[in-house]
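Asker: My questions will all concern the structure given below.
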């Protein structure tokens, strides 16, 4: 049914639960591919560099956020790939999903930055509103 699944992941608990659902769906068909998308927000990236200017491993923190998702996908035996995008999360995910003609987007209902979601509207809401394919929002 769904051959190309975009999983938006940021390491939050909601995104980990979204990963579990994406993996369950992918296990239904051995040809299904999960594209795990992690978006590096430009503002957050700048603050990471400024706060960790003397630390060689600040980029590793980002990679660590994806390790649990990657481990779950490997253990389940599903096809997956990890892609890192740069920009504002909502528009970046929508653009990538629409450009690459995904069959389904799976995203957590809340991300790592709760304050930004309250003020600007949640990333999941933006994706659900603008993506051209079905969107599964996992809480």
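Asker: Which order do the peptides 2-11, 98-107 come out in when sorted by mean C-beta neighbours inside 10 angstrom, highest first?
Answerer: Per-residue Cβ counts within 10 Å, averaged per peptide and sorted highest first, yield 2-11, 98-107.
Asker: In nm, what is the difference between 0.36 nm times the number of residues separating residue 82 and residue 133 and their Cα-Cα distance?
Answerer: 16.4 nm
Asker: I would also like to ask the following. By how many nm would the segment from residue 99 to residue 125 grow when fully extended, if each residue of separation counts as 0.36 nm and the alpha-carbon distance is taken off?
Answerer: 7.5 nm
Asker: Under a crude label model (7 Å from the Cα following the beta-carbon direction), how far is residue 17 from residue 74 in nanometres?
Answerer: 2.6
Here, each number is a calculation from the coordinates, and none is a lab measurement. It should be emphasised that the depicted structure is a prediction, and the values quoted were computed from it without experimental measurement. Here the Cβ is made from the backbone with ideal geometry for all residues, glycine too, and neighbour counts use every protein chain on show.
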